[in-house]
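Asker: Sharing a structure with you now.
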Amino acid sequence: MKLQRRIYPAVILFALMLAADAAAAEPCPGNPNALGTARVLKVEHGRYGTKHFPQTLPLGPREVVLTFDDGPNPPTTSMVLAALARDCVKATFFLIGRHAEAHPDFVRKIAAAGHTIGYHSMTHPMTLVSISYPAAVDNIERGIKAVDKAALPYHAAPFFRFPGFGSSPALLAYMGRKGLAVFGADLWASDWNVMTPQFELSLVMQRLEQAGRGIVLFHDTQMQTARMLPAFLAALKAGGWKVVHVVPARQG
Ligand SMILES: [Zn+2]
């Protein structure tokens with residue numbers, strides 16, 4: 001009896017450990033073939049994306065970070081969110097302040113789904129370098145405030161992407177002083193050009209194969225991208241690609 005008592009808690013503990021392991025490896029509910037999110041990467045402030053900067057995120061071979069710009073735009077953003085949810089994939093959304101102001105419910109929906117939210121200015125001037133420095137800073141700051149307000153009770157990450165990737169040394173220095181990580185990209189689908197979802201899929205997969213890894217830029221405001229996304233996630237899975245979810249090393 002005494003022996004049994006000693007063994008019993010150990011057996012329970014072992015069973016709990018097994019259960020915890022099983023929980024960690026739990027498949028995506030309702031989708032046994034889901035792509036899933038392979039790992040979470042904590043990002044410090046800095047500049048990332050080889051299209052614009054000398055360095056990018058520390059990604060392994062065939063690791064990708066999915067990013068979506070310019071939302072929220074309810075009709076297309078809802079399709080993107082549904083596709084990501086179906087595959088248990090976490091992404092990052094760089095939101096335009098005035099869109100966040102217009103659709104705060106969608107900002108919270110993105111955050112509630114566990115995605116990362118970053119900033120993309122208030123009005124998306126093309127570009128922030130084409131207006132004066134004080135006007136650019138004002139646009140950036142209003143964008144941050146609008147997204148922060150809409151996101152509550154959730155928090156945006158201290159991540160910024162320049163509209164049209166237009167930055168200047170002075171604006172980059174401003175980002176550095178604010179402790180914001182600046183996201184460029186390593187590749188994109190060129191989804192600002194009109195094309196069929198099928199063409200966009202083949203284009204982005206071809207670019208991924210060339211790059212081998214990286215930060216991928218899409219626009220969740222584009223219907224062709226929203227329509228393409230389920231097939232894109234399936235292609236990533238079939239090709240052995242892994243999705244990395246970026247989160248802030250510290251909260252903004
Ligand atoms: Zn944009």
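The values are calculated or read from the model by the stated rules, or taken from the named source; none is laboratory data. This is a predicted model, so every value here is computed, not measured. Cβ placement follows ideal geometry from the backbone for every residue including glycine, while neighbour counts extend to all protein chains displayed. Heavy atoms of the whole protein, side chains included, go into the accessibility calculation; ligands, DNA and RNA do not. Shrake-Rupley method; radii C 1.70, N 1.55, O 1.52, S 1.80 Å.
Asker: Give me the pairs, please: first residue somewhere in the stretch 127-151 and closer than 30 Å to Ala113 by Cα, second residue anywhere and open to solvent by 40 Å² or more (accessible area, probe 1.4 Å) and among the polar types (S, T, N, Q), beta-carbon distance under 9 Å, and either six or more positions apart or on two chains.
Answerer: Listed by first residue and then by second, the contacts come to Asn139/Thr123; Arg142/Thr123; Gly143/Thr123.
Asker: Tell me which of these Arg250 doesn't satisfy, since it passes every other one: (1) in contact (Cβ under 8 Å) with a residue 24 or more places away in the chain; (2) under 21 Å from Thr77 (Cα atoms); (3) outside any helix (DSSP H, G or I).
Answerer: Failed condition: (2).
Asker: Does any residue in the stretch 94-117 that is under 22 Å from Arg39 (Cα atoms) come within less than 7 Å, Cβ to Cβ, of a residue that is of a type in the set (Val, Ile, Thr) and open to solvent by 20 Å² or more (accessible area, probe 1.4 Å) six or more places away or on a different chain, and which pairs are these?
Answerer: Thr116/Val247
Asker: Okay, next question. Checking Ala150 against (1) at pLDDT below 95; (2) open to solvent by less than 60 Å² (accessible area, probe 1.4 Å), which test does it fail?
Answerer: Unmet for Ala150, out of (1) at pLDDT below 95; (2) open to solvent by less than 60 Å² (accessible area, probe 1.4 Å): (1).
Asker: Assess whether Val194 counts as being in contact with a His (Cβ under 9 Å, 6 or more places away or on another chain) and of a type in the set (Val, Ile, Thr).
Answerer: Details: in contact with a His (Cβ under 9 Å, 6 or more places away or on another chain): no; of a type in the set (Val, Ile, Thr): yes.
When the stated conditions are applied, Val194 does not pass them.
Asker: Can you pull out the residues in the stretch 136-191 that are among the charged types (D, E, K, R), more than 16 Å from the ligand (Cβ to nearest atom) and within 20 Å of the chain's Cα centre (by Cα)?
Answerer: Lys145, Asp148, Lys149, Asp186, listed by residue number.
Asker: With the structure loaded, tell me whether Leu229 is over 20 Å from Thr56 (Cα atoms), more than 16 Å from the ligand (Cβ to nearest atom) and under 17 Å from the mean Cα position of the chain (by Cα) or whether it fails that test.
Answerer: On the way: over 20 Å from Thr56 (Cα atoms): yes; more than 16 Å from the ligand (Cβ to nearest atom): yes; under 17 Å from the mean Cα position of the chain (by Cα): yes.
In short, yes.
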